[in-house]
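In what follows, a structure is listed as structure tokens, so that the remarks can point back to it.
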Amino acid sequence: MADVSKLRIAARATSPTATRPGHPVSDTVTPAGQVLRVLRRVGPATRGELSRQTGFSLSAVNRVVGELLGRSLLRDRPELTVGGVVGRPQIPLDLNTDAFFAVGVHIDDCGIRCVAGDLRGRVLDCLEFDVPATAGAAVPVVAAALHRFRLAFPARCALWVGVAGDGRADRRAVRGLAFGWDDVPDAAWSAAIPVPVTVAPYVGAMADAERWALELSGRPSPSSYLYLHVDEPFGAAWIVDGRIPVPRRGAGTIGHLATGSDVPCPCGRVGCLEVTVADRTLLDAAVRDGVLGSGTAPRGVGDLYEAAEGGSRAAAALLDSRSDTIGRAIAVMRDIVNPDVVAVGGRGLAAYPPGRRIIARSYARASALPALPLTFSSFGERIGDAGALGASLSAVYTDPVGALRRGAWGRRAARLSYDPPLDRFCG
Ligand SMILES: [Zn+2]
């Protein structure tokens, strides 16, 4: 039976609302956060360039930079100093990508993935574990991963842990198990994990990662950005001026958009979007129609991708029909919201490339507004890693000084050392 949980427009990507003890006090980006964001976007920059990019006075930039240098979030790059200019040459500043690591956690078909990344969100290492029966039992797994990363990167401080996945996403990923990160009490996180932990809505975290990648590609940051995650969990996040507007009555949902299919939905209606495009629906149809042959039960939707790639026209037809439905649903969302950018991500896009073309074609045909091509994810099958790491770095890029204060070592000077026998870090 299909998952009864709702598809919803994910809540707040930049500062996730569904958070655990380590969430930022405020979602307002501080001046220090703005300086970090500029350096993340443009690379090494002088104080003068930072002043121009942020609109802050040079003295304000000097103050902020001094604090960030003191906390090892920035470093000087004297080797990049440009000579020949009038006056004293300015030494460029850069993010210090060697001092810290953040950990992103998410669940995919293979299990719990714990990814360590640097301050730019670049993956340093990855560990995979089997998914335990409950989220509570997964907390020690995350703690063990953090411990192993600390041993692997003795020169780096553990900064933050970000878990991408609300209860709905994880119950879906771990079919048949009563698994949901929302079930973990705050005290269980803080007892097991010595750094702050943020639990972010899955689709919102993926949307933020995609928007970040767009920014890094040099394209202007759109004020209105619509992201569709066309995978499990299927969902949408609409980001306006860096935030996801969430009405007081809670986030909306596109899960029960009528598609015209004959798939019954747990809500009592027939043809709702969520159940129509669900992996389970496709697999049930494939088994019923003998598309995957008889005998063994399908392991997952990957079997259908493999069959289509192997030349099965029936498998391709099922996947293409789903892509067509998704393309039309994206058009409906786009026409309502009319954003500057419509981005689409999900592992299936990489696993079944023809799906992209069909989604794009159906979307273009169904949208009533002037053409706005879809922007497809640059992360491919690693979108989950990027989103989870983004969730772990969100607080740092919002209020870096506040984020470091909340770390286990926050009240001490950041001393970049680790003592493995004592399992003690940073002083
Ligand atoms: Zn429904």
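Since residue 81 meets every condition but one in (1) surrounded by fewer than 22 Cβ atoms within 10 Å (Cβ to Cβ); (2) modelled with pLDDT of 90 or more, which condition does it not meet?
Only one criterion in (1) surrounded by fewer than 22 Cβ atoms within 10 Å (Cβ to Cβ); (2) modelled with pLDDT of 90 or more is unmet by residue 81, namely (2).
Is it the case that some residue within region 315-331 is basic (Lys, Arg), within 11 Å of residue 226 (Cα to Cα) and buried (at least 19 other Cβ atoms within 10 Å of the Cβ)? Steps first, please.
Going through region 315-331, the residues basic (Lys, Arg) turn out to be 322, 328.
The next check asks that each one be within 11 Å of residue 226 (Cα to Cα); those that pass are none.
No, region 315-331 contains no residue that is basic (Lys, Arg), within 11 Å of residue 226 (Cα to Cα) and buried (at least 19 other Cβ atoms within 10 Å of the Cβ).
Go through (1) in contact with a helix residue (DSSP H, G or I) (Cβ under 7 Å, 6 or more places away or on another chain); (2) among the hydrophobic types (A, V, I, L, M, F, W, C); (3) not in a helix (DSSP H, G or I) for residue 133 and report which single condition fails.
The failed condition is (1).
What is the residue count in region 114-147 for residues that are within 24 Å of residue 346 (Cβ to Cβ), under 20 Å from the mean Cα position of the chain (by Cα) and surrounded by fewer than 21 Cβ atoms within 10 Å (Cβ to Cβ)?
8
If I ask for residues that are more than 21 Å from residue 40 (Cα to Cα) and of a type in the set (Phe, Trp, Tyr), which ones from region 209-265 would you list?
227, 234, 238
Of everything in region 225-262, what is of a type in the set (Asp, Glu) and farther than 16 Å from residue 322 by Cβ? Give them in sequence order.
The one that is of a type in the set (Asp, Glu) and farther than 16 Å from residue 322 by Cβ: 241.
All but one of (1) among the small types (Gly, Ala, Ser); (2) more than 14 Å from the ligand (Cβ to nearest atom); (3) more than 23 Å from the chain's Cα centre (by Cα) hold for residue 235; state the number of the condition that does not hold.
All conditions are met except number (3).
Looking only at region 89-130, count how many residues are assigned to a loop (DSSP other than H, G, I, E, B) and within 30 Å of residue 52 (Cα to Cα).
13
Please verify whether residue 288 is within 16 Å of the ligand (Cβ to nearest atom) and either assigned by TED's automatic domain parsing to the domain that holds residue 322 or within 23 Å of residue 350 (Cβ to Cβ) (or both), treating the condition exactly as stated.
Details: within 16 Å of the ligand (Cβ to nearest atom): no; either assigned by TED's automatic domain parsing to the domain that holds residue 322 or within 23 Å of residue 350 (Cβ to Cβ) (or both): yes.
Taking the combined requirement at face value, the residue does not satisfy it.
Give me the residue from region 257-279 that is within 11 Å of the ligand (Cβ to nearest atom) and under 11 Å from residue 329 (Cβ atoms) and, out of that set, surrounded by the most Cβ atoms within 10 Å (Cβ to Cβ).
My answer is 274.
Give me a count of the residues in region 274-317 that are closer than 30 Å to residue 252 by Cα, without any contact (Cβ under 8 Å) to a residue 40 or more places away in the chain and not hydrophobic (A, V, I, L, M, F, W, C).
1
The values are calculated or read from the model by the stated rules, or taken from the named source; none is laboratory data. These figures come from a predicted structure and were not determined experimentally. As a convention, Cβ positions derive from the backbone with ideal geometry for all residues, glycine included, and neighbour counts pool all protein chains shown.
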